[in-house]
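**Student:** Here it is: the structure, laid out below.
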Amino acid sequence: MSIHGLILEVRVTGCRKLRDTEFFTRQDPYVVLEYATTKLRTRTCTDGGRNPTFDEKFHIPLIEGLRELNVVVWNSNTLTHDDFIGSGRVYLHKVLANGYDDSSWPLQTRNMRSAGEVKLIMHVDVSAMKNKMGRSIGAASTHSVPPPSMPAPAPVPIPAPAAAPALASAVPYTGVPPSYPPAPAYPAASAYSAYPTPSQSPYTTTEYPPPLQQAYPPPSAGYPPSYPPQPYGQPYPPQPYGQPYPLPPEAQSPYPPAPYPGTYPPRPY
């Protein structure tokens, strides 16, 4: 939707909680609206301090592609340059969509610190914008020129396909399918007899002789039994119950010989 040529009505009501640039007296603020190359200034609110009131109205023609304006607040000085209080950016999307906007817009210093806020009431005629859009659509449909008609191309004749030459050896169709000779049957079974059965086998099977079973010779009767083993140094067979075994010879003493002669324990020095 084009906004070119529409009139935006902006009413500057006042400011709140402005940054104070004076130390001993009250500041004298004023507001400047900037849109493209247009600059509009309110009157100076003498001794307005931090909450000045202006209540002034301005009309700004809109430009297509620019949907925001800048607002700058200054403190008026008589002998020196005016002091910068703060600035902010005002977006026009809400007023262009609804036709009305009465929001407060924040102000900031050059160091991006809060400098208060400014109250604006904006109004734009949305019906005029819609009527303008409808007129542009109607004019476009009225003055539209139909495209030039192109002559239809002449049809190109298509030659008929040539008939295929008849085959010399073709046989006329009689409607009766040709009869083929019957397929020969499978050969009959052979007259030879089947494989001979095991009873009729011409080969003779010779049975192997049974293995010779030779018994091991019996153990000799004079071989002394060795089980159970006897204790070391004791003769066989064991003595009857209650009789002691004979003492082993001295050459076979069960105790090991002493490492050295002497008495135990050794005598003290």
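The values are calculated or read from the model by the stated rules, or taken from the named source; none is laboratory data. Note that the coordinates shown come from a computational prediction; the quantities given were computed from them, not determined experimentally. Cβ placement follows ideal geometry from the backbone for every residue including glycine, while neighbour counts extend to all protein chains displayed. Areas reflect the complete protein model, heavy atoms only, side chains present, ligands, DNA and RNA absent. Shrake-Rupley method; radii C 1.70, N 1.55, O 1.52, S 1.80 Å.
**Student:** Of everything in region 35-55, what is closer than 27 Å to HIS93 by Cβ and crowded, with 16+ Cβ neighbours inside 10 Å? Give them in sequence order.
**Tutor:** Listed by number, the residues that qualify are TYR35, LEU40, THR42, PHE54.
**Student:** While we're here: Every residue in region 50-67 that is closer than 15 Å to LEU107 by Cβ and either under 57 Å from the mean Cα position of the chain (by Cα) or not in a strand (DSSP E or B) (or both), please.
**Tutor:** ARG50, ASN51, PRO52
**Student:** Conditions: (1) within 26 Å of ILE3 (Cβ to Cβ); (2) in contact with a strand residue (DSSP E or B) (Cβ under 8 Å, 6 or more places away or on another chain); (3) among the hydrophobic types (A, V, I, L, M, F, W, C); (4) not in a strand (DSSP E or B). CYS45 meets all but one. Number of the miss?
**Tutor:** (1)
**Student:** Turning to a different aspect of this structure: Counting only residues that are touching a Lys or Arg at 6+ places or on another chain (Cβ under 7 Å) and not in a loop (DSSP other than H, G, I, E, B), how many does region 101-118 have?
**Tutor:** Taking region 101-118 first, the residues touching a Lys or Arg at 6+ places or on another chain (Cβ under 7 Å) are 101, 104, 109, 115-117.
Subsequent filtering for residues that are not in a loop (DSSP other than H, G, I, E, B) retains 101, 104, 115-117.
Adding up the residues that qualify gives 5.
**Student:** In region 53-74, what residues are farther than 14 Å from VAL124 by Cβ and among the β-branched types (Val, Ile, Thr)?
**Tutor:** Across region 53-74, the qualifying residues are THR53, VAL71, VAL72, VAL73.
**Student:** Return yes or no: is GLU22 modelled with pLDDT under 90 and open to solvent by 70 Å² or more (accessible area, probe 1.4 Å)?
**Tutor:** So GLU22 does not fit the description; no.
**Student:** Search region 63-121 for residues being of a type in the set (D, E, K, R) and touching a Ser or Thr at 6+ places or on another chain (Cβ under 7 Å), and hand back the single one that is most open to solvent (accessible area, probe 1.4 Å).
**Tutor:** Among them, the one singled out is GLU64.
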